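Below you'll find the structure, written out as structure tokens, and then a few comments.
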Amino acid sequence: MARRGAGTPFLLQLSLLLLLHLGGECGPCRTLGCASVTVGSPIVPLGSAVTASCTIQRELCRGLEQGKVHISWMLDNKLVAGSQRQGPGGTEVSNLTLPRFNHTQARLWCCVEWNGTKQRVGVAEIRAGYPPAKPFNLSCVLNLSDYGLTCRWEQGTDSHLPTSVVLKCTGPRPLPEGARAHCSVFHRSRAQAVTGCTPRGGHSHCTVPRRLLQLYRQMEIWVSATNALGTAESEHLSIDPMDVAKLDPPTLQSIQSIPFQTDCIALAWDVAWGTEHMELQCELRYRAPGDPAWALVTGIIGRAGTAQRCGFLFGTQYHFQMRCRRSSASALASWSEWSPGRNYTTHEKAPTGKLDAWWGAQPAGTGGQLEVQLRWKAPRQREANGRVLGYRVTLSPRRRGRDPATICNTSHTQCNFSVPVGTRRVYVSAYNAAGESAPTEVVLLERKGQPLAGLRAVPGGERSLWVHWEAPLVPVVAYVLEWQQVTAQPGHCSACWQMERDGAATTALIQDGIEPFQRYNISLYPLYEGTVGVPVHTTAYSQQKAPTHAPKLHLKRISRSEAELCWEPLPVEMQNGFITSYTIFWANGITDVASATVNPSLSSFVIRGLKPSTLYKVHIMASTAAGGTNGTSLTLVTTVLDETEVQFLFLTLGLVFVALMVLLICLQKNERVKEQLWPSVPDPANSSLGKWVPAAVPQEPLQVLAAREPGPGAISTVTVLEGEPGKQPGKEHPALAAAPPALPRPYVRQEGPGEPVQYARVGG
């Protein structure tokens with residue numbers, strides 16, 4: 001920074017050049033003593049107008065004595081325009097008005113031009129925000145361990161400005177002088193003094209110490225928030241600090257059942273230390289392990305003692321807790337924390353009520369017996385009166401003095417047994433450690449009554465189904481619903497049934513054993529007076545999604561323009577819903593794609609209109625109401641000819657072959673045609689020359705021509721021999737066996753009896 005009367009002009013220039021080392025439109029963040037910046041208000045409401053003024057004194061700024069001074073403004077690093085005028089005493093004044101200041105905090109710079117560069121010569125800090133928000137939800141608790149009053153509140157929206165928050169309280173008389181050293185004190189009047197505490201670290205709570213409180217007297221308490229734009233106060237609380245005292249929880253000492261009234265219990269407790277002198281108001285809460293909410297007992301008054309409560313279930317474990325507060329406290333008083341829990345199990349007694357039972361019966365193979373499958377529902381907790389140990393099935397009810405024979409004794413809720421044909425009644429009862437229930441009569445009625453109409457099932461949720469039906473004309477005593485999950489391997493769920501006791505009902509909700517994406521067969525039986533109706537059936541899903549897989553395509557046949565495809569239906573476990581359709585896609589290129597939708601009851605499809613000798617890609621998509629799944633692609637190539645054309649070609653060739661064979665046969669059988677094609681040639685054996693045999697044929701040597709001697713061979717002798725009938729060629733007559741072989745041997749081929757063929761021997 002340039003300083004007055006310091007150094008040479010060279011040093012002044014060097015100091016101004018050092019102001020350029022920060023980049024931007026203006027020089028470094030420093031001011032010269034020759035400039036002053038004033039603003040209308042350094043803290044303004046957010047979005048309001050801001051005015052500022054910058055005054056430059058030439059004689060105090062070295063290097064600016066000569067020439068015109070140009071003043072400019074920058075808001076942080078953004079250039080803003082102002083107006084400039086000449087002020088008194090040779091000063092230059094620039095005024096700036098920002099119509100809307102939308103920054104919560106910013107710096108406004110005044111700059112001058114020196115040696116072609118803008119230099120920052122003055123700055124003003126401006127902040128903007130809102131008045132403080134009104135604090136709310138003020139509450140206070142007196143801690144009896146140190147009797148400090150801790151108050152909490154919520155501050156509200158941020159004001160973007162420094163805000164001072166103070167918890168204030170007033171009493172009926174001024175506080176002693178010594179208290180002023182520990183908290184702020186404000187005098188409203190001579191009769192009242194305002195004290196308070198200040199939260200630390202920006203928290204929304206603080207504690208007023210005991211010495212600043214007036215117990216058992218009404219005090220006014222509120223929160224005050226103040227910043228440069230205003231002050232806001234919360235709602236005022238008028239309380240006695242002892243009314244909001246938070247007591248320590250009581251201690252549960254013992255719980256026991258009242259004799260002869262096992263649904264009632266007596267509970268004893270002790271108050272916490274330090275509250276023995278107080279009149280208390282207490283609450284008791286309890287619940288069984290399966291209860292969704294606590295049962296609350298209010299209005300327990302006293303310092304310590306016992307309380308009684310009835311209506312508990314027999315043989316059930318309960319969890320008990322207790323809390324207290326001053327009985328004279330206002331509605332703002334705080335309850336103590338709940339005491340540590342204590343468990344207690346009530347006494348058991350014999351089960352009560354009737355069991356819901358359902359049966360199935362069919363004749364046994366031999367012996368005149370009836371096979372019965374009896375099922376029943378376990379009694380509800382209110383009727384079980386403890387833990388059920390088992391169930392007993394008999395053919396007659398239990399009477400005083402004797403027990404009937406037991407045909408089934410089990411801890412399950414089903415039993416299969418045989419009874420004589422004609423048995424119409426069995427009896428089932430439940431028992432626990434305290435006794436046995438009254439037997440429930442089960443009448444084995446025939447299922448031949450009027451069936452219902454209009455049965456349907458719709459989803460009731462992800463794991464439930466609503467079943468609807470139309471009420472029959474005949475009065476109904478009750479309904480029985482059965483449901484079974486449909487799987488590839490048939491199974492049986494013995495507990496998947498329920499009884500609706502309301503004969504006028506037309507809807508029922510199934511919640512047990514229902515899983516999403518699984519198909520269920522649902523059967524409904526109406527129970528009439530003296531008979532059971534024929535069941536009606538339906539199927540349903542509680543939730544559907546796209547199939548797990550699509551069927552695999554197989555090529556059944558193919559021709560030049562058609563291809564027949566087939567597939568196996570999906571297993572029901574992979575369908576995940578009702579199949580609404582199958583879609584076949586085929587394409588012989590990227591763009592030439594076609595499709596067809598097929599009814600889900602079909603398992604084959606014929607693609608027509610294909611091009612001959614062309615390769616196609618085919619795949620299938622299986623769809624439900626929730627989406628579809630594509631299968632793998634099948635590649636096929638159409639043929640050049642259709643099957644009928646191939647058959648016609650083979651038929652034509654066969655006909656031509658047959659015609660040729662017929663023609664050959666005809667030619668063979670027709671003598672005239674045979675004579676024309678194969679004329680008769682005279683047989684030399686039948687000529688007169690053939691019948692002449694000379695007495696002796698002299699053996700003449702053959703004159704063999706040399707291998708290389710030219711010229712035709714000369715024939716000297718021709719001898720024609722006739723073979724004897726019945727004589728094989730190559731065999732001599734016995735009479736001639738001893739004669740010397742003087743003559744050439746004849747060559748005879750036997751064509752038939754009596755028809756010798758003559759051969760000639762030609763000698764050279």
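Please give the contour-minus-distance gain from GLU529 to ARG557: 0.36 nm per residue of separation, less the Cα-Cα distance, rounded to one decimal in nm. Write down the numbers at each step before the final one.
On the way: separation 28, 0.36 × 28 = 10.08 nm, distance 6.02 nm.
Extra length from GLU529 to ARG557 when fully extended: 4.1 nm.
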- P(r) over all Cα-Cα pairs of region 456-541, 5 Å bins from 0 to the longest distance, whole percent per bin, short to long, reads 3, 14, 27, 25, 16, 9, 5, 1
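Using just the alpha carbons, could you tell me how many Å³ per residue the convex hull of region 212-294 encloses?
Values: hull volume 16.8 nm³, N = 83.
Value for region 212-294: 202 Å³ per residue.
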- Task: Name the long-range amide H neighbours of THR580: under 5 Å, sequence gap of 5 or more, or other chain; modelled H, no Pro or chain starts.
- Result: SER623, THR624, ALA625
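Note the full-extension length gain between THR506 and HIS236 as 0.36 nm times their separation in residues minus their Cα-Cα distance, in nm to one decimal. Walk me through the intermediate numbers first.
Working: separation 270, 0.36 × 270 = 97.20 nm, distance 5.88 nm.
91.3 nm is the gain from fully extending THR506 to HIS236.
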- For region 248-301 and region 334-354, compute the distance between their C-alpha centroids and round to whole Å. 10
- Amide H contacts of SER542 (H built 1.01 Å from N, under 5 Å, at least 5 apart or other chain): PHE517, GLN518
- Note on the structure: Under 15 Å by backbone N from the virtual spin label 7 Å along Cα-to-Cβ at LYS617, the residues of region 573-593 are 585-593
- Message: Can you compute log10 of I(q)/I(0) for region 553-638 with the Debye formula, treating each Cα as one identical point scatterer, at q = 0.20, 0.21 Å⁻¹?
- Response: -0.90, -0.97
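Calculate, for GLN308 and TRP338, the FRET efficiency according to 1/(1 + (r/R0)^6) with r their C-beta to C-beta distance and R0 22 Å; round to the nearest 0.05. Don't skip to the answer; put the middle values down first.
Numbers: r = 20 Å, r/R0 = 0.92.
Efficiency, rounded to the nearest 0.05: 0.60.
How long are the semi-axes of the equivalent ellipsoid of region 247-346, defined as square roots of 5 times the Cα gyration tensor eigenvalues? Whole Å, largest first. Mind dumping the intermediate values first?
On the way: eigenvalues 121, 40, 26 Å².
Values for region 247-346, descending: 25, 14, 11 Å.
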- Please state the Cα pair-distance histogram of region 35-129 with 5 angstrom bins from zero: what percent is in each bin? 3, 14, 26, 24, 16, 10, 6, 3, 0
- Taking placed amide H atoms and a strict 5 Å upper bound, the residues 5 or more places from THR262 or on another chain that come that close are none
- Message: If I take R0 = 60 Å and measure r between the Cβ atoms of CYS493 and ASP158 in this structure, what FRET efficiency does the formula 1/(1 + (r/R0)^6) give, to the nearest 0.05?
- Response: 0.50
- Please go through the residue pairs LYS134/LYS246; LYS168/LYS246; LYS545/LYS617; LYS78/LYS134 and name each one whose alpha carbons sit more than 25 Å apart in this structure. LYS134/LYS246; LYS545/LYS617; LYS78/LYS134
- Query: Tell me, what is the per residue accessible area of region 35-129 in Å², probe radius 1.4 Å?
  - Reply: 50
- Task: On each of the three principal axes of the Cα atoms of region 337-465, give max minus min coordinate, whole Å, ordered largest first.
- Result: 69, 52, 22
- Which loop GluC sites (Glu not before Pro) in region 414-493, with loop taken from DSSP, have no more than 14 other Cβ atoms within 10 angstrom of their Cβ? GLU446, GLU462
- Item | Note, ³J(HN,Hα) from phi for region 217-230, Karplus 6.51, -1.76, 1.60, rounded to Hz, x at Gly and Pro | 9, 6, 10, 9, 10, 7, 10, 10, 10, 9, 9, 5, 9, x
- Item | Net charge over other residues, Cβ less than 14 angstrom from the Cβ of GLN381 (K, R count +1; D, E count -1) | +2
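The values are calculated or read from the model by the stated rules, or taken from the named source; none is laboratory data. Please read all numbers here as calculations on a predicted model, not as lab measurements. Counting neighbours? That spans all protein chains shown, and the Cβs are built from the backbone with ideal geometry, glycine included. All accessible areas refer to the heavy atoms of the entire protein, side chains included, with ligands and DNA or RNA removed. Shrake-Rupley method; radii C 1.70, N 1.55, O 1.52, S 1.80 Å.
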